[in-house]
Each structure stands twice: as structure tokens, then as C-alpha cells.
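Notes follow the structure.
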Amino acid sequence: IIENHTEEETPAPAEPDSQEADHQGNDQQVSSSQQADGVTVLHSTDNENRKVIQHINAKGMIIYQMIDDGERVIKHTFDENGIIREEDIRESNGAWSVSAFDAAGNLIREEIQFPDGVHVMREFAADGTVIAEEIYDPNQPAPSHEEKIVEFDANGNQMITWINSK
């Protein structure tokens, strides 16, 4: 049984990285269990009184992490090598965001819902360039929908197309 565990913050979407489990530190409470597939599940309350659940594979890599502070729930899913693949954030005010990452940890897609109902979806190239963006705003007198499509011609020149429901 693991008695001590330090909660590691996962990287921000702009700078995803791999994560290794660290079982040293001074959490307030820690319990662990072993699943049949060799994954260790840790339940803890960290030093900021947040509920934390981590799934750690046989390599010692965090493959899932959930942090709940009562106002926000953050979930991260990592591949078997500890590279972030998805981030899901849910706020108590109804806002949420879901971000997806490629095998190298680059942000490739995000979807955001704001408390006022505005909804944004973006797709990214591996270099971080926004290549597609859709925005829906239900708060307009006639709800608007805008779509931005970024494409590149054979010479690498950027071409932007806007589609607006108005």
C-alpha cells in the first residue's frame, strides 16, 4: 500500500507533456487499490483539500487523473506512456471545455461551452495554428453561427474562409 503521494498538476493544454506517478509527499489522505489489469487506483485528498483520483499503469505512468475542488472537476486521460490525450473541465456554473491531443501531445481540437451559451469549436494543426473554428452565439437577436476555415494552398499561403449565418 502506498502511504505517501504528491499530487502533480498536469500540464496546461498549450504545453502538454508526459506524466509519471510520484508516490512521495504529504497528502492528507491516500488509499489505493490494484485492478486486475495491473492498474493502481489512488484516491486522495491533496494539500488544497481537492479530491484526486489517479490510475497508474504498470510502468508507473498516470493514465487517468480526476481533480475535484467542488467548483471544478478536471479530468485528464493519458496514453500508456503518460502523454496527455484528453482534458475535460466542468465548472459548477455550467461552463465546460474538452481538449484532444495527438500522440505527440499537441493540442488538435477543443470545444468550449461558456455559461452564457456561447459555444466554440476549434481544430489545430500540429504547430498550433487554428485551422478551423466555429462559434455559435444564442444570445444574438437572431442566433448567429460563424465558421472560420483556414486552408493552405500548394505554396503554403494561408487562405481563410468565413461563413456567417447572418
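Some observations on this one:
- Filter pass, residue 84 being open to solvent by less than 30 Å² (accessible area, probe 1.4 Å) and in contact with a Ser or Thr (Cβ under 7 Å, 6 or more places away or on another chain): yes
- The sole residue among 130, 118 that is crowded, with 16+ Cβ neighbours inside 10 Å and either within 22 Å of residue 150 (Cα to Cα) or touching a residue at least 40 places away in the same chain (Cβ under 8 Å) (or both) is 118.
- Just one of the listed residues (76, 43, 55) is over 17 Å from residue 103 (Cβ atoms), crowded, with 18+ Cβ neighbours inside 10 Å and not small (Gly, Ala, Ser), and it is 55.
Let's see how each residue does on (1) more than 17 Å from the chain's Cα centre (by Cα); (2) over 30 Å from residue 68 (Cα atoms); (3) in a strand (DSSP E or B):
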| residue | (1), (2), (3) |
| --- | --- |
| 108 | no, no, yes |
| 111 | no, no, yes |
| 121 | no, no, yes |
| 127 | yes, yes, no |
| 136 | yes, no, yes |
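- Scanning segment 78-105 for residues that are under 22 Å from residue 55 (Cα atoms) and either in a loop (DSSP other than H, G, I, E, B) or touching an Asp or Glu at 6+ places or on another chain (Cβ under 6 Å) (or both) turns up 79, 80, 81, 82, 85, 98, 99, 100, 102, 103, 104, 105.
- Flag if residue 92 is over 28 Å from residue 39 (Cβ atoms), open to solvent by 50 Å² or more (accessible area, probe 1.4 Å) and modelled with pLDDT under 95: no
The values are calculated or read from the model by the stated rules, or taken from the named source; none is laboratory data. Model, not experiment: these values are computed from the prediction. Glycine also receives a Cβ, built like all others from the backbone with ideal geometry; neighbour counts cover every protein chain displayed. Quick note on the areas: whole protein, heavy atoms, side chains included, nothing else; ligands and nucleic acids left out. Shrake-Rupley method; radii C 1.70, N 1.55, O 1.52, S 1.80 Å.
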